[in-house]
Each structure stands twice: as structure tokens, then as C-alpha cells.
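Everything on this sheet refers to the single structure shown next.
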Amino acid sequence: MTITDNAPAPAVLDDAARPRHDLLRLATAGSVDDGKSTLVGRLLYDTKSVLADQLDAVERVSRDRGLEAADLALLTDGLRAEREQGITIDVAYRYFSTATRSYVLADTPGHVQYTRNMVTGASTAELALILVDARHGVVEQTRRHLAVTGLLGVRHVALAVNKMDLVDWDETAFKAIVVEFEELAARFGIEDVVAVPVSALLGDNIVDRSERATWYSGPTLLEHLEAVPVGTSPDTQALRLPVQYVVRPRTPEHPDYRGYAGRLASGVVRPGDEVVVLPSGGRTTVVGIDRAGADGDVQQLDVAFAPQSVVLRLADDLDVSRGDLIAAADAPGLLTRSLNGTVAVLSDRPLRQRDRVLLRVGTRTVRALVDDIVDQLDIASMQQQPAPEGLGLNAIGRVRLRLAEDVAIDDYRELRRTGSFLLIDESDGSTLAAGMAEAPDRSAGEGI
Amino acid sequence: MSTTTLTDGRAAEQALPAQYTLDHLDHLESEAVHIFREVAGEFERPVILFSGGKDSVVMLHLALKAFAPAPLPFSLLHVDTGHNFPEVLAYRDAIVERLGVRLVVAKVQDYIDDGRLRERPDGTRNPLQTVPLLDAIEEHRFDAVFGGGRRDEEKARAKERVFSLRDAFGAWDPRRQRPELWDLYNGKHAPGEHVRVFPLSNWTELDVWRYIEREGILLPEIYYAHEREVFARDGMWLTAGEWGGPRAGEQSQSRLVRYRTVGDMSCTGAVDSDAADVASVIREVGASRLTERGATRADDRLSEAAMEDRKRQGYF
């Protein structure tokens, strides 16, 4: 039962009629003073996502500060603490939409000490929008942004070379920056880079085409965002469904119903598919895929794919509960008690060898021991260095973990959702580090 | 708006097959359902804040869908300012009865009657909700509290997490919030602390209305255009009523209006509108030049940091 009226529920759309208004998640990154807030403000303003009362407030504050024109950067200032210090201290989320797409933009600050925020923003992003000041070119911050982007597996990068008006729209300067940037991006495994010369302040090539960059024939920034392909086709990846919750109504209408609720992390599932439940290893067959319709009644689906949330019913009466993973029987990944991965430290508490922590992967939480801090990545030199003191806040490095129980995990490069993990402080519950698993160590794991 | 496509051809090659393309509302629904199930799996006593406002109604609808065909595994909590629109209270009670769910009501009026809270000079009761809310959370030992807050609503909310950790005083400390990565939500909390959970974080006002239309969700009728006795104060149309209006010098008149948000009657304004159904509301919201809070919430106009300050004190 739901809160809908008694009108018939909307018909389920067939494939051909499925709407194409999709969702793109992107993360921004820029250094201090390269105009990122202005660019985001411009993107919101020129897509008509800023309403009159917000603009009034910005104009009022701009006047109070003695500025001649409205400072669009004020649109994205959030907390009073930030306004007082003139900085951005946290990830903020912005929303805009066009006829083609809805956008969720994670606006992350550029300061050295806030790398953790860029890691956070990039974790869900399919595209990273990186700013470079045309006068300064690629700086150390840019390397850090690219390193994080590559590490987090963000496949698409849009490079906005900003403040082009301050270099008189010099094509040579633009091209030199793009060449250096693309070389760096390639080193981090990023292949898709599209560079756009812009002036966020004047609005050139953000949404509207610049009159001044006559030599530039590529897309404006928004045109690129509208066209970039997003997502990985689910049928190219193996099924993974972390079980969140067991649905057992025990009502007169559904006395024996038992279904496993979860969001497909990857892949496609159809009734009749053979699956394996990890870590127990029990094999069974999917007999039904359920999802509530608008009227609250359960509809049976012929197919479900990532990232849909569904309830699976299985043929055999296995012991399945929260924390288990339902995976394709023919491509289940590995179970392991020893895990190698790259972590980004997000907490003031450093991560040290012999630390006891909790590891969270999918819906499963197990105890873990930091067996070894293998090395630390030095962003400036791009060298792996030893880290005898452990990894401090904002450090990125490789670790080896020993786990108290078997865990099913994938290589992050192949499957982002089931290859990512958190390390959690057992005493106060805080999130210590975000991790990306490397192919599980077969010798230490128990192959299925 | 330009919808020009690129010419490099890569877009066409890599685009998702049509049968695996999710509409953005399906994305948002799947994300919200995932959040509800995470909380059901990780917490002992979750509760949904339910005012009868459109965001809380959409939240309840999503929660019902997340656990179907099982009944809702949560109770509802209404923090009642005492300045309610009668239509909204009637709606709330009808929904509760129809679904057979448990409703806890925390009343601001009780606190004013016994002196624990004092009426503000401006008569607005929205800021007074914080204490009854925190007391209800403590009394019923709720460890997860779902709120309908959206990040598009307001600057301070743009920085809110999906899982927002609150201390024993309900206070929100922006610097203490945990980073949220992928869809791994860390709900660990100490005894006495609780977590506010915002399943609609990534929805916009227009998304909420489009979803209401798609799903055929019923709302209190004051969301649609109707004739009402109103008077002007602070540039908004307020409903005449026992709560304290109109004052001397404020003329009441009958106008065709609707509400964009539903809150305390004393600070929630109506807008002139002839949008009598969902489709007309969607057209109106799409064309509006004002945010819903800017248009209709006196409490958010108080200062540039009004919401930030209230959140720090334990507000939703």
C-alpha cells in the first residue's frame, strides 16, 4: 500500500520509449584563486539554475564589499566560517539540468590540506572538471588533481584553461598547457581529456561560445558535458549485488516470502541466472526479481541492471543475510583474507603498521589488521617512497591488510563499487581512510 | 540551451545501450531506496520525520517501496508547532490510518504551556521545534532520523552529508562530518549520538514534483491553487488564523494561491498561483524565478547564515 491515488500506475516503459534524460555526476578541482567558484557560479547562472532571490543576495553582498559587478563566486560560498575566512572548507553539491541531462556537481576545494575532499568528490564522479589558470599553467596542485582523478578511476577529464582573457586569448599559451596536461594525464592512465579555453568571469566558452577565441572550434564546456558518454554498459561487467536487507513480510498475504534487497553494484541479472552467495559459496538460481510499482504492489522484472535497487528471490533456501554478496556464478571474483590496496587517509589519526581497524566493503564490515604500509606516493616527484611513520592526513599510499574473515572483493580498476572500501576507527567510528583494492592475492585467499 | 553534439564520434561509440539507460528519476529513486535499506540494516530504531509536507510524503513513499511487500520497518515522528494548516493535519492522520504505521507527535505547544519554551516576539515557531525534536529522539531512543532536506534548498544544506552525525545535543558540526565516498555510508555512532539521514539529498524541487507526477502521489490540497483568506506581511501572503494574524493595519483578502512549502503557518507564505494540478505546478516551478525557501520562508530570510545557525543547534 502506498500514498498514491487509485489511478492506474503508469505503464512500465518499454526499451524504445525509455527516456534519455540521464544523470551525470562530476567533480570539480582547481587550485586556490584559479576561479573555480566563479566558473561553477557561471555554469549555474548561464544554465538558468540560479533564481532571482539568490542573485539578489549575491548582488547585495557584492555591493556591500564594494564590487562593481555581481561576484558569481558568492553563489557557491556556503558556510559563514568560510565566508569569514574567504576559503572553501568542504565538498558542496550543486545541481543543474538541461534538456538532455541532470547534473550533480561535487564542488571540491583546491587547498593542499583538503585532498580528502577531492577524493570524496571524485569517488562518485564519472567526469572530473579540472581548472588551470592560463597565466600559471600546470602547477603542483594540477598534478595532485590528476593523480587523484586517475587513482579514483574517473575516466573522463574536462580541462578548463581559465582566465584566457588575461593572456589575450593566446592560442600558443593554451596549446602548450594542453600538451603538458595531456602528457601528465596519460601517466595517470587517463585517456579522455577534452580541453576548453574559457573565461569564467566573462562567460566565454562556458555555456555560450566565445567571440574572442576565434581560433577555437571545439565544444564549449557545457556542450562537452552534454555529449560525453557516461556509465559503463552493465552487460560488460559481472553481476554483483551486496545484500542490504532480507525482506520477510510474514503477513497473511505473504507468509513465506523471502527476498534479498540490494542495489546492483555492477552487471545484469535475469530470472534463471545461476548465482553464488559469498562468502559461504552456496550456489543457487534467481527465480524472481521484484520491485515495488507506484501503487506499492510488487512487480516482477524480466531483467535488472546496475545501479537499480531490487529484491532478488532465490531457488534454494540458503542462509543469506546482510553483508553477503550475490555474484555471477561464472565470474564470482575472489574470496580473500589478505588484501592489497591503495588508500587515501582522510583523518587526523595517521594509519600505522599493526593498527587494528574495521574494513567496510559493500555491505560487509570485518575486523582488519594493517599488516604493512608498503609505501607512500609522493605527488610532486611521482615516486613511491617508504613510509616508516605511517600515512598521515591526505597521504596516499599502498597497504597490505589482514582480515579476520573471508571477504569477497574485486579489483577497483575492474569493478569500482565492489573494489572500494573504507577503513573505520573501531573506537570512535570515524572514517580513517578510503581504499581501492588491487587484484586479491590468490596465494593467501581461498579460491572458490 | 545548446544541445549541439560533438563531432569526434566517441560519444556515439561509447554511449550506453538504450535498454540500460536509467532516467534521472530512476537514478534518484534507486539511490534513495538504497539509503533506506542501509539504515534498516545498520540501525536499531530509525524514525521518519513526517510533517505532511511534500518532501516528507515523497520520502515515505520511497520508504514503502524500499521494503515492499513487507510493511514499513520504521515509525513516523511529527514535530508539531501548533500552527498547523488543518488540511495538512487531516492529511497526516488519514495517511497514518491508511498505512497502519506508528506516529509519534512532539508538540511545541506543550513546551510553551509548561514554560520550557517561550514564544518568540515575532510569533514564529519553526526555530522552537529543535528542543521537542531532541527530547523525542532521546525519549524514544531513535538512533537514525530521516529528514526530507535537499541540498538544493539552501547554502548550508549544500554541504550536508547523506548520513549526518549529531552529538547528544543534536548539534551539527560541519568540520566533524565524515567524508562520504562511493555509496559506502558509515553509520557508526556512540551511545547518545544519532545520525540524521537525508535520502533526498540529491533531489531538486523540480525532481520532487516530477516524481510526484510520475508516481501519482497524493498531497495535501494546499499545494494546489485554491481561494484563501490571506494578508500581506514581509512580502508574503500569510493565512489568517488564531496563531496571530492579521494584526491591526494588515488587510486580509481572498486570493487564488498555493503553497510551495508547508511549515509553521506563521512563517510559511503562499504564492499567487492558478496551478491546480501537478502538471501545472511543474510548469510553474520550472518557470519560477524564486527559490522555494526565498519565496515562502520568513525564517530563512532572517540572516545570510540562518540555516547554518539552526543546524548547528540541532535543527533538521
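Quick one: in segment A:315-370, of everything that is on the phi > 0 side of the Ramachandran plot and surrounded by fewer than 23 Cβ atoms within 10 Å (Cβ to Cβ), which residue is farthest from the chain's Cα centre (by Cα)?
That would be A:Arg354.
Can you find, within segment A:341-378, the residue that is farthest from the other protein chains (Cβ to nearest Cβ) among those that are in contact with a Lys or Arg (Cβ under 6 Å, 6 or more places away or on another chain) and closer than 22 Å to A:His145 by Cα?
Checked segment A:341-378; the qualifying residue farthest from the other protein chains (Cβ to nearest Cβ) is A:Asp375.
Which one of A:Thr115, A:Thr88 is within 29 Å of A:Gln141 (Cα to Cα), more than 9 Å from chain B (Cβ to nearest Cβ) and either modelled with pLDDT under 70 or assigned to a loop (DSSP other than H, G, I, E, B) (or both)?
None of the others qualify; the one that does is A:Thr88.
Taking the condition of being in contact (Cβ under 8 Å) with a residue 60 or more places away in the chain, under 19 Å from the mean Cα position of the chain (by Cα) and either outside any helix (DSSP H, G or I) or facing chain A (nearest Cβ under 9 Å) (or both), how many residues in segment B:37-57 meet it?
So the first thing to find is which residues in segment B:37-57 are in contact (Cβ under 8 Å) with a residue 60 or more places away in the chain, and the list is B:38-39, B:42-49, B:51-57.
Pick out the ones that are also under 19 Å from the mean Cα position of the chain (by Cα) and you get B:39, B:46-49, B:51-57.
Subset that is either outside any helix (DSSP H, G or I) or facing chain A (nearest Cβ under 9 Å) (or both): B:46-49, B:51-53, B:57.
Result for segment B:37-57: 8.
Identify, by number, the condition in (1) within 14 Å of another protein chain (Cβ to nearest Cβ); (2) buried (at least 20 other Cβ atoms within 10 Å of the Cβ); (3) free of Cβ contacts under 8 Å to residues at least 40 places away in the same chain that B:Val96 doesn't meet.
In the conditions (1) within 14 Å of another protein chain (Cβ to nearest Cβ); (2) buried (at least 20 other Cβ atoms within 10 Å of the Cβ); (3) free of Cβ contacts under 8 Å to residues at least 40 places away in the same chain, B:Val96 misses (2) alone.
Among the residues of segment A:229-250, which ones are of a type outside the set (D, E, K, R) and more than 7 Å from chain B (Cβ to nearest Cβ)?
Of everything in segment A:229-250, those that are of a type outside the set (D, E, K, R) and more than 7 Å from chain B (Cβ to nearest Cβ) turn out to be A:Val230, A:Thr232, A:Thr236, A:Gln237, A:Ala238, A:Leu239, A:Leu241, A:Pro242, A:Val243, A:Val246.
Looking at segment A:257-264, can you tell me whether even one residue there is more than 18 Å from B:Arg37 (Cα to Cα) and surrounded by 20 or more Cβ atoms within 10 Å (Cβ to Cβ)?
Taking every residue of segment A:257-264 in turn, none turns out to be more than 18 Å from B:Arg37 (Cα to Cα) and surrounded by 20 or more Cβ atoms within 10 Å (Cβ to Cβ).
Can you name the residue in segment A:188-221 that is among the charged types (D, E, K, R) and under 21 Å from the mean Cα position of the chain (by Cα) and, of all such residues, is farthest from A:Ile130 (Cα to Cα)? If you could, list the steps in order and put the result at the bottom.
To start, the set of residues in segment A:188-221 that are among the charged types (D, E, K, R) comprises A:191-192, A:204, A:208-209, A:211-212.
Those still in the list that are under 21 Å from the mean Cα position of the chain (by Cα) too: A:191-192.
On the way: A:Glu191: 15, A:Asp192: 13 Å.
The extreme case among them is A:Glu191.
With respect to B:Gly82, determine if the residue is free of Cβ contacts under 8 Å to residues at least 12 places away in the same chain, away from chain A (no Cβ under 14 Å), on the phi > 0 side of the Ramachandran plot and surrounded by fewer than 21 Cβ atoms within 10 Å (Cβ to Cβ).
On the way: free of Cβ contacts under 8 Å to residues at least 12 places away in the same chain: no; away from chain A (no Cβ under 14 Å): yes; on the phi > 0 side of the Ramachandran plot: yes; surrounded by fewer than 21 Cβ atoms within 10 Å (Cβ to Cβ): yes.
Judged against the criteria, B:Gly82 is not a match.
Just a yes or no: is a residue in segment A:182-198 away from chain B (no Cβ under 14 Å), at pLDDT 95 or above and part of a strand (DSSP E or B)?
Yes: segment A:182-198 contains one or more residues that are away from chain B (no Cβ under 14 Å), at pLDDT 95 or above and part of a strand (DSSP E or B).
Applying the selection to segment A:210-255, what residues are of a type in the set (S, T, N, Q) and either surrounded by fewer than 21 Cβ atoms within 10 Å (Cβ to Cβ) or out of contact with any Leu (no Cβ under 7 Å at 6 or more places or on another chain) (or both)?
Hits for segment A:210-255 are A:Ser210, A:Thr214, A:Ser217, A:Thr220, A:Thr232, A:Ser233, A:Thr236, A:Gln244, A:Thr251.
Out of the residues in segment A:243-292 that are basic (Lys, Arg) and part of a loop (DSSP other than H, G, I, E, B), state the one that is farthest from A:Leu314 (Cα to Cα).
Restricting to residues being basic (Lys, Arg) and part of a loop (DSSP other than H, G, I, E, B), the top hit is A:Arg250.
The values are calculated or read from the model by the stated rules, or taken from the named source; none is laboratory data. What you see is a predicted model, and the numbers here were worked out from it, not measured in a lab. FYI the Cβ positions are ideal-geometry reconstructions off the backbone, even for glycines, and counts take in every protein chain you see.
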